[in-house]
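This report refers to the structure that appears directly beneath it.
The values are calculated or read from the model by the stated rules, or taken from the named source; none is laboratory data. Being a predicted model, the structure only gives us computed values, none of them experimental. Methodologically, a virtual Cβ is constructed for each residue, glycine included, from the backbone with ideal geometry; neighbour enumeration extends over all protein chains shown.
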């Protein structure tokens, strides 16, 4: 999971009109992050597609994936992690098509099953260590 | 690992360690790489300590960003960790995360545009379980360097009891207890960012160049800065990997 070898890859941007991980990011800010990332990594950037503001809609993403390009630059991984089953399915689909999934905000690229598995493990660790009760429970066990 | 490091960290919340020959050779290579980036960009011979003689303050940040982006390509964070792991692992453990991009600071003499007033990273979304690995690229002393409020100082011990309205009040309160770090090229400063720290206008005659990076144990609690957006896993140990995959059987 790194952002090497993105040089001259043709990638289409993908932004959302829904909340992302509980926060609202204006579309121009999402585009700004994506464009800046593309410039820094010498990516041949194609104008972003905007996902519909309808829960569980990934219509625009599916269209982008059926186009001729090397993959997608998402603004953030949490655009698709809102639906965990879809997340796994769509990344598998991207890998099978030999395309790249690039997440600008997190500076992560997924291009293989190995990278996808590493990402899924990272989410598991995040679920454990970011829970509000995690620190409370540790303190309770140590200082009981 | 020198036991003195551990004792210093427990007592003061920071320590300074000296790089061995192999670590120093790696650091020399990194420094050379930076000098070459600057030489190519400025088409001049570059001496980092005297950088203020060839650059105007208004161009400083764009040059810093260019060096930062170039040096951080190809997993520099892992190179940085591996070079300094001897100083990190006795303090936080061996299954760690490090920030994705290593910060680079440049502090020109008399420059008041790159100051970091007294702060603790935990006040701005960092986990209290993190440490900072601060590595100078030149000898740094007094105001050219940075200051820390030591853990064993009266003001730190009582810090949680104070109420402040302005940043300047914090500095006023802790001024007599802060310690400026005198550190040589080839040494590393490891400190807990729970300790208030910062810098002031560099009144020395030399420019300071330094790296800094945050490291924490993989499974210790996170704050706002999390895996994916800020930290990268250095190595997932087999027991953790097994634990993550484990599923309980069903009992009736």
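Give the number of residues within segment B:19-28 that are surrounded by 11 or more Cβ atoms within 10 Å (Cβ to Cβ) and in a helix (DSSP H, G or I).
The qualifying residues number 6.
Is there any pair linking a residue in segment A:123-144 that is in contact (Cβ under 8 Å) with a residue 12 or more places away in the chain to one that is part of a helix (DSSP H, G or I) and surrounded by 13 or more Cβ atoms within 10 Å (Cβ to Cβ), with Cβ under 9 Å and at least six apart or on different chains, and which?
Pairs found: A:123/A:81; A:123/A:87.
Which is without any contact (Cβ under 8 Å) to a residue 12 or more places away in the chain and either farther than 29 Å from residue B:87 by Cα or more than 19 Å from the chain's Cα centre (by Cα) (or both), of B:22, B:63, B:37, B:55?
Going through B:22, B:63, B:37, B:55 in turn, the sole match is B:22.
Working carefully through the options B:223, B:153, B:217, B:192, find the one that is away from chain A (no Cβ under 14 Å), under 23 Å from the mean Cα position of the chain (by Cα) and closer than 29 Å to residue B:83 by Cβ.
The match here is B:192.
In segment A:94-139, what count of residues is obtained for those that are within 24 Å of residue A:41 (Cβ to Cβ) and either within 7 Å of another protein chain (Cβ to nearest Cβ) or in a loop (DSSP other than H, G, I, E, B) (or both)?
11
So which residues in segment B:109-123 are free of Cβ contacts under 8 Å to residues at least 60 places away in the same chain and either buried (at least 20 other Cβ atoms within 10 Å of the Cβ) or in a helix (DSSP H, G or I) (or both)?
B:123
Can you name the residue in segment B:74-108 that is in contact (Cβ under 8 Å) with a residue 40 or more places away in the chain and assigned to a loop (DSSP other than H, G, I, E, B) and is also nearest to the chain's Cα centre (by Cα) among such residues?
Restricting to residues being in contact (Cβ under 8 Å) with a residue 40 or more places away in the chain and assigned to a loop (DSSP other than H, G, I, E, B), the top hit is B:102.
Could you list all residues from segment B:68-100 that are under 15 Å from residue B:34 (Cβ atoms) and within 14 Å of another protein chain (Cβ to nearest Cβ)?
Listed by number, the residues that qualify are B:68, B:69, B:70, B:71, B:72, B:73, B:74, B:76, B:79.
Assess whether residue A:113 counts as being surrounded by fewer than 23 Cβ atoms within 10 Å (Cβ to Cβ) and modelled with pLDDT of 95 or more.
When the stated conditions are applied, residue A:113 passes them.
Yes or no: residue A:56 within 14 Å of chain B (Cβ to nearest Cβ), on the phi > 0 side of the Ramachandran plot, more than 15 Å from the chain's Cα centre (by Cα) and assigned to a loop (DSSP other than H, G, I, E, B)?
Against the criterion (within 14 Å of chain B (Cβ to nearest Cβ), on the phi > 0 side of the Ramachandran plot, more than 15 Å from the chain's Cα centre (by Cα) and assigned to a loop (DSSP other than H, G, I, E, B)), residue A:56 does not qualify.
Residue A:91 is checked against (1) free of Cβ contacts under 8 Å to residues at least 40 places away in the same chain; (2) surrounded by fewer than 18 Cβ atoms within 10 Å (Cβ to Cβ); (3) not in a loop (DSSP other than H, G, I, E, B) and fails just one. What number does that condition carry?
So residue A:91 meets the others, but not (2).
So for segment B:208-216 (the condition being over 22 Å from residue B:31 (Cβ atoms), crowded, with 18+ Cβ neighbours inside 10 Å and at pLDDT below 95), does at least one residue qualify?
Taking every residue of segment B:208-216 in turn, none turns out to be over 22 Å from residue B:31 (Cβ atoms), crowded, with 18+ Cβ neighbours inside 10 Å and at pLDDT below 95.
Considering every residue within segment A:70-83, establish whether at least one is within 14 Å of chain B (Cβ to nearest Cβ), free of Cβ contacts under 8 Å to residues at least 24 places away in the same chain and surrounded by fewer than 20 Cβ atoms within 10 Å (Cβ to Cβ).
Taking every residue of segment A:70-83 in turn, none turns out to be within 14 Å of chain B (Cβ to nearest Cβ), free of Cβ contacts under 8 Å to residues at least 24 places away in the same chain and surrounded by fewer than 20 Cβ atoms within 10 Å (Cβ to Cβ).
Which one of the conditions (1) within 14 Å of another protein chain (Cβ to nearest Cβ); (2) at positive phi does residue B:244 fail to meet, given that it meets all the rest?
Single failed check for residue B:244: (2).
Could you check, for segment B:133-145, whether at least one of its residues is free of Cβ contacts under 8 Å to residues at least 12 places away in the same chain, outside any strand (DSSP E or B) and farther than 23 Å from residue B:85 by Cα?
Within segment B:133-145 (the criterion being free of Cβ contacts under 8 Å to residues at least 12 places away in the same chain, outside any strand (DSSP E or B) and farther than 23 Å from residue B:85 by Cα), the answer is no, since none of the residues qualifies.
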